[in-house]
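A.B. asks: Got a structure for you, questions after.
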Amino acid sequence: QKAQIGVTGLATMGRNLARNIARHGYVTAVHNRSDAKTKALVEEFGHEGTFVPGYTSQEFVDSLESPRTIIVMVKAGPATDAVIEELAPLLSEGDIVVDAGNAHFADTRRREAALRERGVHFAGVGVSGGEEGALLGPSIMPGGSEHAYAKLGPIFADIAVSVDGTPCSTHVGPDGAGHFVKMVHNGIEYADMQLIAEAYDLLRHGLGRTPKQLAEVFTSWNEGDLESFLIEITARVLDKDDPTQEGTPLVDVILDEAEQKGTGRWTVQTALDLGTPVSGIAEAVFARALSGHAEQRKAAQGVLPGPAAGAEGTGGFVAEADAEAFVDDVRAALYASKVVAYAQGFDMIRAGSTEYGWGVDPGAMATIWRGGCIIRAKFLDRIKDAYANQPDLPSLLLDPYFADAVAKGQEAWRRVVTHSVQAGIPAPGFSSALAYYDALRRDRSSAALIQGLRDLFGAHTYKRTDRAGDFHVDWSGDGTESQG
Ligand code: 6PG
C-alpha cells in the first residue's frame, strides 16, 4: 500500500504531526535521519493509524503515491537545506514538498524558486500550537502555489483545529507568505508574553501580591476581554510550586533570562526593512536580550539607584485601599497594549504582502489564529470582524470596537505607566505601546523639527504643509528658502 503523505523529521513536532495525520485516516509514510525515532513512532503509536516506515530517503520516497506530498519537519536553517538537497534528486515533477518548520520566509522564497525550476512545488507552511497543537489540532498558515494548496488544503483542514466549524487553516499566499505570517505570529507572541510579564511584575513587585494570588487574578482576567491561551497558562505557571521545594513558587526558582530561537528577532529585522513600526515586538525582543545579559545586570545591581526607598514593594506605591483599582488598571493597560501590538503586527502583514505581492487577507489570518496557535484569543474574533467590516482598515486601532475599547482604558493605561516609572519597575511594552498610540493620534508630530535639522546639517530638504515641492533654507547664507 502506497502512502498518501509522508513526514520526514520525527522529533516531537514532526512525530505529533505525523500521528495527527495518520489519526485522520491518511496512510502516512514516516522517515527520520536516524532509524530509532522512526521505529519508536511505529512501535508506540502504530495502532493509531497506518504508518509506512522508510529507513532510507529512497525507501521513504518510493513508499509514496505519485505525485508525492512530503512534509519536512526539521530544524530551520541548514538542516532544512540538507533534507531538501537529499530529497530533491529523488523527486519527480509535480511532487509537493512542505516545510512545516519555523523557516525564515526569505529562505522559503529561495527554496521555492529553486525547486520550481525542477518542477517540484515547495510550500512553506507555518504551524503553530506547540507539541499538543501538532497532535490535537494546530493553526496552519500554508504558503505556496495554488496548485500545491489544492492538494494540501483538504489535508490541513482535517488536521487543524476548528473554531465555530471553520478550520484554522487557509491559503495565505504564494512562496514565503505562510512563513512570513507565522513569523509575525511569533513576533506578536513575544509582545503578548512581554506584556503579560510586565503586568505580573507590576502586581507582584508594585503591589506585593504573591504568585498564587496572581494566578487567581489571571484566571479571572481569562473570563473577560483578555481570554486567551497565554493568559490561561500564565495562571498555571504562577500557581505552580517548585516540584523540589513545596511552598516555593516555581517562578521564583526559574532563571530570569529569556531565550529565543529567532522568529521574534526576524520579525523586527524584517520590520526595519519594511519600515513598519512594530515597537511592541521590538521591545519584547530587546527585553529578552537584556534579561540574558546577566553579567551586565549584575554589575548594575546595587550601583544604579532606583526611586526613593519604600516606593517599591508591598503596598509601596499603591495604597492597599487602591489595590483592587490598580489591578483593574493593569488589566486595562494590558488589553490596550495588546491591541497596539496586534495592530502593529497586522500592519506588518499588510506591508509584507504589498512588498512581495502576496495578497494576504488580514481578516483570514485573524480567523485562523482563533484556535490552535499560541496566540489564540477571544479577541481575534473581534479582529476578524473588524476586517470583515472594513477590509482596508488603516489601523486596527481605528476599528470602532477597538477604538472604543482603547479609549475606555487609556486613562488606566496612563496611570499604570506613570506608576511603573515612579516605582522603577520597567514596563517597556506598556509604555512604548502608549507612546505609539499617542504618536498615532496627534495631529502634528515632532518629525517637523527632525526635518528642519536634516535640512540644516545636510541640505536634505523638507516638504511644507502649505505648498507642494521640496524646500531648502540657505542656513549658512542669507537664510532664504529655495525650492528644489
Ligand atoms: C508556535 C510557537 C513555536 C515556538 C516558538 C518559540 O507558534 O507554536 O511560536 O513556534 O514555541 O518558536 O519561540 P522562542 O523559542 O523564540 O521563544
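Nothing in this text is a laboratory measurement; each read-out follows from the coordinates by a stated rule. Because the structure is a prediction, the values reported are computed rather than measured. Cβ sites come from the backbone with ideal geometry, for glycine too, and all protein chains shown count toward neighbours.
A.B. asks: Straight-line reach from K151: which aspartates and glutamates have Cα under 18 Å away, leaving out those fewer than 8 places along the same chain?
C.D. replies: E65, E93, D95, D99, E112, D175
A.B. asks: Right, here's the next one. To the nearest 20 debye, what is the magnitude of the charge dipole of the stretch 279-400 about its Cα centre, counting +1 on the Cβ of each Lys and Arg and -1 on the Cβ of each Asp and Glu?
C.D. replies: Working: 11 positive and 15 negative charges, 93 e Å.
Taking the Cα centre of the stretch 279-400 as origin, the dipole is about 440 debye.
A.B. asks: A 19 angstrom limit on the alpha carbon distance is what I want to check against. Which of K182/K384; K240/K338; K75/K338; K182/K240 exceed it?
C.D. replies: Details: K182/K384 17 Å; K240/K338 25 Å; K75/K338 30 Å; K182/K240 30 Å.
Among K182/K384; K240/K338; K75/K338; K182/K240, the Cα-Cα distance tops 19 Å for K240/K338; K75/K338; K182/K240.
A.B. asks: Loop only by DSSP, 15 or fewer other Cβ within 10 Å of the Cβ. Give me the chymotrypsin sites (Phe, Trp or Tyr not before Pro) in the stretch 1-101 that pass, ordered by residue number.
C.D. replies: Answer by residue number: Y55.
A.B. asks: Still on this structure: Relative contact order of the stretch 64-212, please, whole-number percent, based on alpha carbon pairs below 8 angstrom and at least 6 residues apart. Mind showing how you got there, number by number?
C.D. replies: On the way: 244 pairs, mean separation 28.6, N = 149.
Over the stretch 64-212, the number comes to 19 percent.
A.B. asks: A further question on this structure: Calculated FRET efficiency, Q213 and T244, Cβ-Cβ r, R0 35 Å, to nearest 0.05? List each step's numbers first, then the result.
C.D. replies: Numbers: r = 23 Å, r/R0 = 0.64.
According to the calculation, E is roughly 0.95.
A.B. asks: Suppose every K and R has +1 on its Cβ and every D and E has -1 on its Cβ; what is the size of the dipole of the chain about the Cα centre, in Debye to the nearest 20? All intermediate terms of the calculation are to be shown ahead of the outcome.
C.D. replies: Working: 44 positive and 65 negative charges, 96 e Å.
Charge dipole, the chain, about its Cα centre: 460 debye, nearest 20.
A.B. asks: Moving on. Given R₀ = 45 Å, FRET efficiency for E117-H293 by Cβ-Cβ distance, to 0.05?
C.D. replies: Working: r = 44 Å, r/R0 = 0.99.
After rounding to 0.05, the efficiency reads 0.50.
A.B. asks: Work through the residues other than K261 whose Cβ is under 13 Å from its Cβ and net out their charges, Lys, Arg +1 and Asp, Glu -1. Mind dumping the intermediate values first?
C.D. replies: Numbers: positive: K75, K182, R265, R288; negative: E189, E259.
Local net charge: +2.
A.B. asks: For S279, S476, S395, which order do you get if you count the other beta carbons within 10 Å of each Cβ and list the fewest first?
C.D. replies: Taking fewest neighbouring Cβ atoms as first place, the list is S476, S395, S279.
A.B. asks: Take A448 and Q390, extend 7 Å from each Cα along the Cα→Cβ direction, and tell me the distance between the two endpoints in nm.
C.D. replies: It is 2.6 nm.
A.B. asks: Separate question: Sum up the charges of everything whose Cβ sits under 10 Å from the Cβ of N102, counting Lys and Arg as +1 and Asp and Glu as -1, but leave N102 out. The partial results should precede the final answer.
C.D. replies: Numbers: positive: K75, K182, K261; negative: D99.
With Lys, Arg at +1 and Asp, Glu at -1, the net is +2.
A.B. asks: Which part of the stretch 1-35 falls in the paramagnetic zone of T56, meaning amide N under 17 Å from the point 7 Å along Cα-to-beta-carbon?
C.D. replies: It comes to 30-35, nothing else.
A.B. asks: For W369, which sequence-distant residues (separation of 5 or more, or a different chain) have an amide H within less than 5 Å of its own amide H, given hydrogens modelled in the peptide plane?
C.D. replies: Under 5 Å from the amide H of W369 lies no amide H from a residue far enough along the sequence or on another chain.
A.B. asks: Another question, if that's okay. Describe numerically, in nm with one decimal, the distance between label points set 7 Å from Cα along Cα→Cβ at D478 and at E43.
C.D. replies: It is 9.2 nm.
A.B. asks: So what is the 222 nm mean residue ellipticity for the chain from helices alone, if each DSSP H run of at least 4 adds -39500 (n - 2.57) and you divide by all residues, rounding to the nearest 500 deg cm²/dmol? Working shown, then result.
C.D. replies: Details: 19 runs with 255 residues, N = 484.
My calculation for the chain gives -17000 deg cm²/dmol from helical runs alone.
A.B. asks: Moving to a separate point now. First measure r as the distance between the Cβ atoms of E85 and T12, then evaluate 1/(1 + (r/R0)^6) with R0 = 30 Å and state the FRET efficiency to the nearest 0.05. Walk me through the numbers before you get to the answer.
C.D. replies: On the way: r = 24 Å, r/R0 = 0.80.
Using R0 = 30 Å, I get an efficiency of 0.80.
A.B. asks: Subtract the Cα-Cα distance of Y401 and D470 from 0.36 nm times their separation in residues, and report this length gain in nm to one decimal. Intermediate values should be presented prior to the final figure.
C.D. replies: Values: separation 69, 0.36 × 69 = 24.84 nm, distance 3.94 nm.
Separation in residues times 0.36 nm, less the Cα-Cα distance, equals 20.9 nm.
A.B. asks: OK, next. How big is the charge dipole of the stretch 385-432 about its Cα centre, in debye rounded to the nearest 20, if each Lys and Arg gets +1 on its Cβ and each Asp and Glu gets -1 on its Cβ? Mind dumping the intermediate values first?
C.D. replies: Details: 3 positive and 5 negative charges, 69 e Å.
Using only the charged Cβ atoms, the result is roughly 340 debye.
A.B. asks: Quick one: which residues, 5+ away or cross-chain, put their amide H under 5 Å from the amide H of V127? H built at 1.01 Å from N.
C.D. replies: Close amide H contacts, sequence-distant or interchain: M141.
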